[in-house]
1. Filter region 264-313 down to residues that are polar (S, T, N, Q) and either in contact (Cβ under 8 Å) with a residue 60 or more places away in the chain or at positive phi (or both), then give me how many there are.
2. Identify all residues within region 149-199 that are in contact with a Ser or Thr (Cβ under 9 Å, 6 or more places away or on another chain) and touching a residue at least 40 places away in the same chain (Cβ under 8 Å); write none if there are none.
3. So is F59 open to solvent by 60 Å² or more (accessible area, probe 1.4 Å), aromatic (F, W, Y) and within 22 Å of N297 (Cβ to Cβ) or not?
4. Given F245, F278, which one is open to solvent by less than 30 Å² (accessible area, probe 1.4 Å) and either modelled with pLDDT under 95 or over 13 Å from the mean Cα position of the chain (by Cα) (or both)?
5. Could you check how many residues of region 157-187 are open to solvent by less than 80 Å² (accessible area, probe 1.4 Å), over 22 Å from A138 (Cα atoms) and over 21 Å from the mean Cα position of the chain (by Cα)?
6. Please tell me if E160 is touching a strand residue (DSSP E or B) at 6+ places or on another chain (Cβ under 7 Å) and closer than 30 Å to M283 by Cα.
7. Of all the strands (runs of 3 or more DSSP E) wholly in region 65-147, which have at least 3 residues that are open to solvent by 10 Å² or more (accessible area, probe 1.4 Å) and of a type outside the set (G, A, S)?
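The values are calculated or read from the model by the stated rules, or taken from the named source; none is laboratory data. What you see is a predicted model, and the numbers here were worked out from it, not measured in a lab. Here the Cβ positions follow ideal geometry from the backbone for every residue, glycine too, while neighbour counts run over all protein chains shown. These area figures cover heavy atoms from the full protein model, side chains too; ligands, DNA and RNA do not enter into them. Shrake-Rupley method; radii C 1.70, N 1.55, O 1.52, S 1.80 Å.
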Amino acid sequence: MGNTVIMKPAEQTPLTALYVAQLIKEAGFPAGVVNIVPGYGPTAGGAIVDHNGVDKVAFTGSTEVGKLIQQRANLKRVTLELGGKSPNIIFKDSDMDHAVKMAHFGLFLNQGQCCCAGSRVFVEEAIYDEFVERSVEAAKARKVGDPFDLTTQQGPQIDEEQFNKILGLINEGKREGAKLLTGGGRHGDRGYYIQPTIFGDVQDNMRIAQEEIFGPVKQILKFKTTDELIARANKTIYGLAAAIFTKDLDRALHVSSALKAGTVWVNTYDAFAPQTPFGGYKMSGIGRELGEYGLHNYTEVKSVIMAVPQKNS
């Protein structure tokens, strides 16, 4: 495409990006093609957004910061991949073993610190109790500890601020009447470790069902009809992703069409491919990454109209 790149990693996680810079150098990229600039958002990130030599800004992060970037980008082209509160829908005809496994993976991956985490798990009434019981068993069996131990399944949260935010929302869930089924507190007495947490009997208007928690906290909600389910799944300011578990292909197509989400997985979760566009509806962002749609954001369209007095052939 001909574009050079300035990449500013999140200030909490610079080391991976710096290692990428080392690999880029080893691969023989010309100097200046890819530039890694660690720093804080308001300073290093703000300088990138403000600089007149930058033609395009891509941001992955919170909706709050995404709004600030869009406000000050000064007509630069901007794409934003922001927060989510993704519904994961389990119908009664689904493969229960697979649905429980994928719902567990879809929420607890990366300590729940995933923009498209399936944090709102809608379960059809007929299988709700069994699904809840098996989900709690899986959460209790999850090994939390040192991320350098290869047997560990869940490490710490990214920093103290996020750790405290998660615990605050867990307390809010208990205060609002959601049923704490497992977890709900700190794991151990050192580090920012949080117990894998599951709430049942969650209502749509509760804060834990509306706000992005960005942590290992699963909310399980019960539904009766498909129409009711679609309305409730869409009752959010976000629209990044969703998932449907069912053996009925017609139902899967109907519900996926009705959901206001940029990506809908059917009988799987967090399945990505470089040719498949990824991005969100509503407050989950603007534009798409990956695929041909993603490439369009890094090009300009030019029309050249030429009057030719006579043909050259």
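1. So the first thing to find is which residues in region 264-313 are polar (S, T, N, Q), and the list is 267-268, 275-276, 284, 297, 299, 303, 310, 312-313.
Add one more test, that the residue is either in contact (Cβ under 8 Å) with a residue 60 or more places away in the chain or at positive phi (or both), and what stays is 267-268, 284, 297, 299.
Qualifying residue count for the region: 5.
2. Those that are in contact with a Ser or Thr (Cβ under 9 Å, 6 or more places away or on another chain) and touching a residue at least 40 places away in the same chain (Cβ under 8 Å): I158, I166, I170, G173, L181, T182, G183, Q195, P196, T197, I198.
3. On the way: open to solvent by 60 Å² or more (accessible area, probe 1.4 Å): no; aromatic (F, W, Y): yes; within 22 Å of N297 (Cβ to Cβ): yes.
No.
4. On the way: F278 fails: either modelled with pLDDT under 95 or over 13 Å from the mean Cα position of the chain (by Cα) (or both).
Unique residue meeting the criteria: F245.
5. Selection size over region 157-187: 3.
6. Numbers: touching a strand residue (DSSP E or B) at 6+ places or on another chain (Cβ under 7 Å): no; closer than 30 Å to M283 by Cα: yes.
Criteria not met by E160.
7. On the way: elements: 77-81, 87-90, 120-124.
Once the strands (runs of 3 or more DSSP E) in region 65-147 are filtered for at least 3 residues that are open to solvent by 10 Å² or more (accessible area, probe 1.4 Å) and of a type outside the set (G, A, S), what remains is 77-81.
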